[in-house]
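I have placed the structure first, in the form of structure tokens, so that the comments after it can refer back to it.
The values are calculated or read from the model by the stated rules, or taken from the named source; none is laboratory data. Note that this is a predicted model, so its numbers are computed, not measured. Every residue, glycine as well, gets a Cβ built from its backbone with ideal geometry; the counts of neighbours run over all protein chains shown. These area figures cover heavy atoms from the full protein model, side chains too; ligands, DNA and RNA do not enter into them. Shrake-Rupley method; radii C 1.70, N 1.55, O 1.52, S 1.80 Å.
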Amino acid sequence: QVQLVESGGGLVQTGGSLRLSCAASGRIFSINIMAWYRQAPGKQRELVARITSGGSTNYADSVKGRFTISRVNANNTVYLQMNSLKPEDTAVYYCLAFITRTGGVLELSYWGQGTQVTVSS
């Protein structure tokens, strides 16, 4: 079994910062892409940022220059540093990872349970 556990969400004022963490655990052989998505009330889930196992990154235009995604492969952990937060960043943030399990042959996608980020104006 593989699990993704997120932490670091909370309530912050406009202009503040938060750091999200997502740790993958279980029978993991390798992790390819790791990513952060978010879903605001009444809206579709959207990609925020993603990072490959080699460290290449992509960001949504709305967060470029404010958010930074990083990962520690040895710990199977991905981070999202969020600076200069705006009320429109308010959403549930989800971690996604593409994982090959030990003894497995397929790369499967796994989601975390989500963590709430609320930015007050």
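Worth a mention:
Table: residues versus (1) touching a residue at least 60 places away in the same chain (Cβ under 8 Å); (2) hydroxyl-bearing (Ser, Thr, Tyr); (3) open to solvent by less than 60 Å² (accessible area, probe 1.4 Å).
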| residue | (1), (2), (3) |
| --- | --- |
| TRP36 | yes, no, yes |
| ARG45 | no, no, no |
| VAL48 | no, no, yes |
| GLY55 | no, no, yes |
| THR77 | no, yes, yes |
| MET82 | yes, no, yes |
| GLU88 | no, no, no |
| THR115 | yes, yes, yes |
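- Of all residues making up the stretch 68-94, the number that are in a strand (DSSP E or B), of a type in the set (A, V, I, L, M, F, W, C) and under 13 Å from ARG38 (Cβ atoms): 5
- Selection from the stretch 95-109 of residues that are open to solvent by 40 Å² or more (accessible area, probe 1.4 Å) and assigned to a strand (DSSP E or B): PHE98, ARG101, GLU107, LEU108, SER109
- Taking (1) part of a strand (DSSP E or B); (2) open to solvent by 60 Å² or more (accessible area, probe 1.4 Å) in turn, PRO41 satisfies each apart from (1).
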